[in-house]
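One structure below.
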Amino acid sequence: MTDFVEGWSLGDILGEGAYGEVRLVVNKSSGDAVAMKMVNIGKHPDARETVKKETTIHRMLSNPYIIQYFGQRSEANIEYIFLEYASGGELFDRIEPDVGMPTPEARKYFRQLILAVEYLHSRGVAHRDLKPENLLLDAFDNLKVSDFGMATVYRLQGKERCLHKKCGTLPYVAPEVLERPYHAEPADIWSCGIILVALLAGELPWDQASIICPEYAAWRIGHIKCLTPWKKFQDSDLLFVQMILKHIPSERLSINDVKRNPWFSFEFNPENNKYSDQLRNDNKLYKMQKQTLCYSQPELPPVGINNLTCMKLNERTGLSFSQPIYVEDLLVSSQLQPINTQASQGSFQNLVRRMTRFFVTTNCQKTVKIITECLVRENYNYRINDIGTITITGIDKRKMPLVFKINIFDMDNKTLVDFRLSKGCGIEFKKEFIKVKVLVDDVILKIKNK
């Protein structure tokens with residue numbers, strides 16, 4: 001492993017974004033982990049203000065369903081943001097393309113998402129980029145909202161302002177955002193509705209909520225029963241979605257309306273469904289959170305962003321062992337080492353749960369050859385670097401860029417093939433993963449159930 005600072009080592013790459021990547025950083029003595037978001041200001045000078053705004057907003061927040069912010073550090077041309085590590089991976093990874101997931105499971109994640117958004121709005125914060133790729137899962141399979149790069153404060157001291165910036169990811173963006181100005185809360189609720197469609201159907205309903213989009217035009221006039229994804233829906237699911245995805249914001253369900261709706265509050269028979277008590281548990285946890293900060297997350301002191309050396313997380317009683325100890329070492333140490341993207345993955349791989357990976361029976365060199373031959377045969381556009389990372393660049397069915405990487409390396413005397421999304425729709429990425437996996441099925445290591 002490569003040292004980031006003394007006592008903390010770089011682990012897996014957790015994700016990539018427009019301005020940099022997110023890396024796992026692990027304490028070598030305790031094994032505790034944090035996620036480190038790195039933003040390259042040298043390559044992206046315009047990102048400096050974005051980072052400042054993001055961290056200012058994120059440090060205001062403390063909720064069980066929102067990724068906890070630990071602190072920020074500047075070093076040369078890199079800005080580092082330290083966040084809670086969500087070891088359960090990305091929510092989109094749980095969505096089966098063109099299928100989705102069972103309604104009870106979708107309901108569980110949607111409930112937690114709504115509780116997170118309700119908290120954000122209570123703080124006067126709009127997320128503005130809600131989508132499955134920005135929803136993570138912790139070790140207990142609880143949802144965590146992440147990535148506040150597009151967030152903004154829309155209400156301060158009781159005064160609310162309309163928003164004007166057109167931002168977000170087009171298939172999830174509310175129609176009024178495309179027209180502007182717009183109110184923050186209905187726009188976030190709309191995005192939650194699109195996420196629910198993705199959870200239930202495994203696909204997105206349209207490219208954008210605009211009259212120029214035929215699928216959205218059909219939705220507005222109600223001619224949808226024979227169209228996908230709506231023909232997959234149960235009547236109760238579809239009715240609930242229709243009440244959220246109203247074109248006129250004032251007719252859309254509010255957060256309170258959503259929570260009172262029978263679909264949201266439905267409780268299952270405990271004998272038949274393990275999620276029967278989920279709503280009760282979620283509300284109980286949320287109410288506890290409103291009374292006091294959750295002890296599984298460190299409390300941030302009331303100091304300025306540049307004074308994070310005051311953090312003394314080890315002095316907080318009841319600190320969960322799933323959270324880092326001595327995070328201030330990451331914030332103030334001057335022993336910064338060059339970041340080595342070729343760092344051995346080693347035992348840190350078992351900290352990262354991701355479904356878009358598999359073991360193969362061939363060695364690394366042979367595996368690279370097999371995969372690239374398949375990519376050539378299927379006319380994929382790809383390139384490969386000197387350490388064997390394959391980058392595939394393409395366009396998805398919505399004519400949007402889709403970029404993902406295939407990393408191949410030795411782990412515990414086996415060869416691991418790991419796919420990671422760099423840019424584009426998570427559901428479309430999952431489809432491409434399944435296609436490539438089928439192409440190399442002959443060499444995939446079949447793990448027998450014990």
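The values are calculated or read from the model by the stated rules, or taken from the named source; none is laboratory data. Owing to the predicted nature of the structure, the values given are computational and were not obtained by experimental measurement. Methodologically, a virtual Cβ is constructed for each residue, glycine included, from the backbone with ideal geometry; neighbour enumeration extends over all protein chains shown. In case anyone asks, the SASA skips ligands and DNA or RNA and just uses the protein heavy atoms, side chains included. Shrake-Rupley method; radii C 1.70, N 1.55, O 1.52, S 1.80 Å.
Here are a few things to note about the model shown:
- Residue-wise HN-Hα coupling along region 407-424, computed from phi with Karplus coefficients 6.51, -1.76, 1.60 (Hz; x: Gly, Pro): 9, 10, 7, 6, 8, 6, 6, 10, 10, 9, 10, 10, 9, 9, 6, 9, 7, x
- Here the Karplus relation 6.51 cos²θ - 1.76 cosθ + 1.60, evaluated at θ = phi - 60°, turns the backbone of region 62-67 into coupling constants of 8, 8, x, 10, 10, 4 Hz, with x for every Gly and Pro.
- Each Lys or Arg adds one and each Asp or Glu takes one away; over the other residues whose Cβ falls under 14 Å from the Cβ of residue 130, this sums to -4.
- Short-range pairs are left out: with C-alpha atoms under 8 Å and at least six residues apart, the relative contact order of region 387-429 is 34 percent.
- Debye equation applied to the C-alpha atoms of region 147-227, log10 I(q)/I(0) at 0.12, 0.13, 0.15, 0.16 Å⁻¹: -0.40, -0.46, -0.59, -0.66
- Taking every protein chain into account, the 1.4 Å probe leaves residue 410 with about 110 Å² of accessible area, to the nearest ten.
- Mean separation of Cα contacts under 8 Å (6+ apart) over length of region 10-132, as relative contact order %: 19
- Applying Stokes-Einstein at 4 °C and 1.567 mPa s to the Kirkwood radius of region 1-101, computed over alpha-carbon pairs, gives a translational diffusion coefficient of 87 µm² s⁻¹.
- Ranking by accessible area, most exposed first, for 212, 195 with a 1.4 Å probe: 212, 195
- For region 101-118, backbone phi angles converted through the Karplus equation (6.51, -1.76, 1.60; θ = phi - 60°) give residue-by-residue couplings of 8, x, 3, x, 5, 4, 4, 4, 5, 5, 4, 5, 4, 4, 5, 5, 5, 4 Hz, Gly and Pro being listed as x.
- Using a probe of 1.4 angstrom and keeping all protein chains present, the accessible surface of region 103-150 works out to 22 square angstrom per residue.
- Contact order for region 360-450, expressed relative to its length and based on alpha carbon pairs under 8 Å spaced 6+ residues apart, stands at 28 percent.
- Counted charge near residue 391, where neighbours are those whose Cβ lies closer than 15 Å (Asp, Glu -1; Lys, Arg +1): -1
- For residue 246, nonlocal amide neighbours, meaning residues 5 or more places apart or on other chains whose placed amide H falls under 5 Å from its own, are 253.
- For the set 131, 430, the ranking by accessible area, highest first and with no ligand, DNA or RNA atoms included, is 131, 430 under a 1.4 Å probe.
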